[in-house]
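Right, one structure below, let's go through it.
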Amino acid sequence: MKIARFSKIGFILAAAGSAVGLGNIWKFPYITGEYGGGAFVLVYLITVALIGFSIMIAEMFIGYKGRRDTVTSFEELAPKNKSLWKYAGFQSLAGLLIMTFYSVVIGWILNYIVTSLIHLPSSVKEAEATFTSMLHSDFFTQFFYHSIAFVVITYIVSKGIKSGIEKLNDYLMPALIIILSGMFLYALSLDSFSKAFSFMFAPDWSKLNSEAFVTAVGHAFFTLSLGMGAIMTYAASMEKDTNIVHSAVWVVFLDTAIALVAGLMLFTFLYQYGSGPDKGPGLVFISLPAAFYEMGTLGNFFAVIFFIALAFAGLTSAVSLVEPMVQYMIDRFGFSRLKASISMGSFFYLVGILVILSGLDGWKESLSWGGKNLFDWIDFLTAAVMLPLGGLVMSIFVGYVVPKSEVEATLKPYLKGYFPIWYFSLRYIAPVALFVVILNLLGVM
Ligand code: TRP
């Protein structure tokens, strides 16, 4: 069987497409707002550079050497205890879990593209009422757009690496970059830009508690798509002589740059036309539309293209969340790609319906436990628990289990003199930091 492989630039775009997602444009700005700006951003940037980057290379390495689905790749590369190590590959299930709410949020975004064409809320209050009434009482709208997201994502994944995923990213990623750059240039021309800049880059250490720290580390994983085998699965379809390190640098750079640009731009708009930065998950859906309203007609235009860009970012990430389990069903159970895509898609589609219900009046109560509804639980379990755990497993696997000679033979040509620094960070810095994060979550520290 001929295996379709990414072109070199196709791989970078697809991996960056996976990394750049709702995490960058929706989540990063609002958690930065919640945790007070500069100090939080600094911890996030340090984590990305010190831990994210080394695990990115480790994850690419496993996929590149394993060449198969995540379960098989772990199994093949483990020098012994293969039947045990293969379970590490089941971290890919986290992708389907993330998809249960990711698809619902993409649905909200699709709805906002349509409504922003016609009408923007004239005040934060109205915007908030619109958003919360969708969340609490409008099952049909959410269900409808979640269904569209499901169909589009499943269709693209069913087309495979080359004519589905690579093609999608070849178009959407440049479009996303163009839209965001254009809007960023406009933000640059506004007075409030400098205010947004100092909010994001002047650290106020008094705001940095341990929760902010753990959130920053968890987010570094989420935003780089690490810890569940998405990057690994893409790397399994790399061209043999693709420069892993070069690709990792590009992906980390694009992801970080886009998060910072999105944050600066949104905070500028909020300072200039709205209410300021700390608005929680509703930032993009509540404060921002109200700020766009203040801009007049330009605001309508900006709102529509902004939500289009957000939808693009979401779709290119979504396909990478589904692909690992699809690849697994194909490699291990001999499913056709279509059958694998539909069956994995159905899982997130159906559970996604429960996620919608868990926000709805009348249903909320029965779908909440211990102060969190199903949506919050899945978000917490995946982003805060499963991804750091997946990262920990990868750093131990590549750092201690796979023989050093093998790792060196593959990566030394690309890392050159930096190899020892990377290897050290993978063996000591990353596992310790991740371990602390996990302990902290479990309430031990
Ligand atoms: N990185 C994406 C974002 O920022 C989400 C995502 C896609 C992801 N694939 C992933 C997160 C794999 C963790 C693991 O929105």
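For segment 1-30, which residues satisfy the criterion of being open to solvent by 10 Å² or more (accessible area, probe 1.4 Å) and within 17 Å of Ile258 (Cβ to Cβ)?
Answer for segment 1-30, where residues must be open to solvent by 10 Å² or more (accessible area, probe 1.4 Å) and within 17 Å of Ile258 (Cβ to Cβ): Ile12, Leu13, Trp26, Lys27, Tyr30.
Does segment 209-224 contain any residue that is under 21 Å from Gly21 (Cα atoms), touching a Pro at 6+ places or on another chain (Cβ under 7 Å), among the polar types (S, T, N, Q) and assigned to a helix (DSSP H, G or I)?
no
Taking the options Tyr400, Tyr428, Tyr423, name whichever one is crowded, with 17+ Cβ neighbours inside 10 Å, among the hydroxyl-bearing types (Ser, Thr, Tyr) and at pLDDT 95 or above.
Sole residue among the options that is crowded, with 17+ Cβ neighbours inside 10 Å, among the hydroxyl-bearing types (Ser, Thr, Tyr) and at pLDDT 95 or above: Tyr423.
Would you check which residues across segment 1-27 are closer than 11 Å to Met238 by Cβ and part of a helix (DSSP H, G or I) and list them?
Lys8, Gly10, Phe11, Ile12, Ala14, Ala15
Has segment 328-344 got any residue that is open to solvent by less than 60 Å² (accessible area, probe 1.4 Å), within 16 Å of the ligand (Cβ to nearest atom) and either at pLDDT 95 or above or outside any helix (DSSP H, G or I) (or both)?
Yes, that holds for at least one residue.
Hey, can you tell me all the residues within segment 215-253 that are over 22 Å from Asp331 (Cα atoms), of a type in the set (S, T, N, Q), within 15 Å of the ligand (Cβ to nearest atom) and open to solvent by less than 10 Å² (accessible area, probe 1.4 Å)?
Matches in segment 215-253: Thr223 only.
State yes or no: is Ser116 small (Gly, Ala, Ser), in a helix (DSSP H, G or I) and away from the ligand (no atom under 16 Å from the Cβ)?
Yes, satisfied.
Being under 22 Å from the mean Cα position of the chain (by Cα) and not small (Gly, Ala, Ser) is the requirement here; does Ile353 meet it?
The answer is yes for Ile353.
With respect to Lys80, is the statement that it is in a loop (DSSP other than H, G, I, E, B), without any contact (Cβ under 8 Å) to a residue 40 or more places away in the chain and open to solvent by 20 Å² or more (accessible area, probe 1.4 Å) true?
The answer is yes for Lys80.
Can you tell me which of Gly299, Gly276 is in a helix (DSSP H, G or I), of a type outside the set (A, V, I, L, M, F, W, C), more than 16 Å from the ligand (Cβ to nearest atom) and farther than 30 Å from Ser343 by Cα?
One residue alone meets the criteria, Gly299.
Across segment 154-193, what is the number of residues that are open to solvent by less than 50 Å² (accessible area, probe 1.4 Å), under 24 Å from Met344 (Cβ atoms) and not aliphatic (A, V, I, L, M)?
Of the residues in that region, 6 qualify.
Return the total of residues in segment 367-384 being within 26 Å of Pro431 (Cβ to Cβ) and open to solvent by 40 Å² or more (accessible area, probe 1.4 Å).
Number of matching residues: 2.
Considering only helices (runs of 4 or more DSSP H) fully contained in segment 404-445, which possess at least 1 residues that are under 16 Å from Tyr64 (Cα atoms) and of a type in the set (Gly, Ala, Ser)?
The qualifying helices (runs of 4 or more DSSP H) are 404-415.
Output the residues belonging to segment 117-145 that are open to solvent by less than 50 Å² (accessible area, probe 1.4 Å) and within 25 Å of the chain's Cα centre (by Cα).
Scanning segment 117-145 gives Phe131, Thr132, Met134, Leu135, Thr141, Gln142, Tyr145.
The values are calculated or read from the model by the stated rules, or taken from the named source; none is laboratory data. No experiment lies behind these values; they were computed from the predicted model shown. When we count neighbours, we look across all protein chains shown, and the Cβ atoms used for this are built from the backbone with ideal geometry, even at glycine. The protein model used for the area step is the full one, side chains on, heavy atoms only, and it has no ligands, DNA or RNA in it. Shrake-Rupley method; radii C 1.70, N 1.55, O 1.52, S 1.80 Å.
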